[in-house]
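Structure, as structure tokens:
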There are 2 protein chains.
Amino acid sequence: MGEVRWLSEPEAKAWRFYIVATLKLRHRLHRELSEAQQVSLIDYEVLVCLDTQADGRMRMTELANFLGSTKSRLSHQVGRVEDAGYVRRVPDPEDKRGVIAELTPAGRALLERAAPTHVQGVREHLIDLLTPQEQRVIGEAFERVYEHLNQLPD
Amino acid sequence: MGEVRWLSEPEAKAWRFYIVATLKLRHRLHRELSEAQQVSLIDYEVLVCLDTQADGRMRMTELANFLGSTKSRLSHQVGRVEDAGYVRRVPDPEDKRGVIAELTPAGRALLERAAPTHVQGVREHLIDLLTPQEQRVIGEAFERVYEHLNQLPD
């Protein structure tokens, strides 16, 4: 792979704090959600994804792509929220081998109940610690990163 | 919990792109590491943490705190890298009930072998997509978030 371009000091600082803060932040949000609402952060994120769709439905392959997950890992995860009654899986009418995940009324009710806990955590542990300028930079920078990752071949 | 302060449009944009880009980025780095070096991203991160210490040793409680993990989840994870021969667990001489995780020579060798793959991924999918100004803002902002999370009571 040729010469390794190691990170410079400012690059390493950006990377290191981004990573350790992110791990800690996710852990904290997970704890707050699971203590107050008995739902894990990753399960909650699955429901939020489905809720971005007008009909609360998404193909499993799309959902995996959106969550940065693999099909097999997602299938396990969706099985768990399905057992809890928050999601149901139905065959895709447009693709014989495809499966669609669909938010149930119980899933919507959980989202409504849990959203205040989640938003309060996101504010307290991230958003309210940032200036509007920093929020803008972070939004734009990670939008670029997201677009880049989306364009990579599989 | 009083009135919910929902996110404004720019706040929601920062949060949404940060989260979806981060999930996708971790998934990509994980895939590159596991394909080229047969090590998962989370296992690699455990080794990197230990390697930040001069003697390659860290208390399990410190390590859990650093990785934003719980003691039980970490114990499972460290068991896996211990089975692979990259880490060994030894009793803490200063705390009868404490356990120390220690990087083995095989763990150091893996880090040396895998670091070029990891750094190339971090550059290609994040750092090289950011301007120096954005790197600075992200480093400073997430340092503040990290300090905040570290000061929270358990």
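The values are calculated or read from the model by the stated rules, or taken from the named source; none is laboratory data. Being a predicted model, the structure only gives us computed values, none of them experimental. As a convention, Cβ positions derive from the backbone with ideal geometry for all residues, glycine included, and neighbour counts pool all protein chains shown. Heavy atoms of the whole protein, side chains included, go into the accessibility calculation; ligands, DNA and RNA do not. Shrake-Rupley method; radii C 1.70, N 1.55, O 1.52, S 1.80 Å.
Measuring from each Cβ of chain B to the axis carrying B onto A, the nearest residue and its distance in whole Å come out as B:137, 2. Placing unit charges on each Cβ (+1 for Lys and Arg, -1 for Asp and Glu) gives the stretch A:1-147 a dipole about its Cα centre, and among A:53, A:107, A:79 the Cα reaching farthest toward its positive end belongs to A:79.
Using a 7 Å projection from Cα along Cα-to-Cβ, the label point at residue B:55 is separated from the same position in the remaining copies by 6.3 nm, smallest value first. Here each label is just a point 7 Å from Cα along the line to Cβ, and for residue B:80 and residue B:38 those points are 1.6 nm apart. Less than 17 Å apart at the alpha-carbon level, and either on another chain or at least 8 residues along: which lysines does that give for residue B:13? Leaving aside lysines fewer than 8 places away in the same chain, those within reach of residue B:13 are B:24. In this assembly, the B-A interface accounts for approximately 6600 Å² of buried accessible surface in total, computed with a 1.4 Å probe and without ligands, DNA or RNA. Using the Karplus relation 6.51 cos²θ - 1.76 cosθ + 1.60 with θ = phi - 60°, the per-residue 3J(HN,Hα) values for the stretch B:85-95 come to x, 8, 9, 10, 9, 10, x, 7, x, 9, 8 Hz, with x marking Gly and Pro. Using a 7 Å projection from Cα along Cα-to-Cβ, the label point at residue A:132 is separated from the same position in the remaining copies by 2.9 nm, smallest value first. Spin-label pair residue B:144-residue A:113: with each label point 7 Å from Cα along the Cα-Cβ axis, the two points sit 3.6 nm from one another. For chain B, a Gaussian network of Cα nodes joined below 10 Å ranks B:112, B:143, B:45 by mean-square fluctuation, and the top entry is B:143. Using the Karplus relation 6.51 cos²θ - 1.76 cosθ + 1.60 with θ = phi - 60°, the per-residue 3J(HN,Hα) values for the stretch A:37-45 come to 10, 6, 9, 7, 4, 5, 5, 4, 5 Hz, with x marking Gly and Pro.
Here residue A:96 is the anchor, and the lysines within straight C-alpha reach of less than 27 Å, apart from those fewer than 8 places off in the same chain, are A:71. If amide H atoms are built 1.01 Å from N in the plane of the peptide, which residues on other chains or at least 5 residues away come under 5 Å of the amide H of residue B:99? For residue B:99, whose amide H was placed from the backbone, the distant partners under 5 Å are B:60, B:61, B:92. Placing dummy labels 7 Å off each Cα toward the beta-carbon, the span from residue A:61 to residue A:94 is 1.1 nm.
Each Lys and Arg adds +1 at its Cβ and each Asp and Glu adds -1 at its Cβ; summed about the Cα centre, chain A shows a dipole of about 360 debye. Loop-resident trypsin sites (Lys or Arg not before Pro) (DSSP state other than H, G, I, E or B) in the stretch B:71-154 with no more than 11 further Cβ atoms inside 10 Å of their Cβ: B:96, B:97. Expressed as a fraction of 2.2 N^0.38 Å, the value expected for a compact globular protein of N residues, the C-alpha radius of gyration of chain A is 1.21. Sorted shortest first, the distances from the residue A:72 label point to those of the same residue in the other copies are 2.6 nm; each point sits 7 Å from Cα along Cα-to-Cβ.
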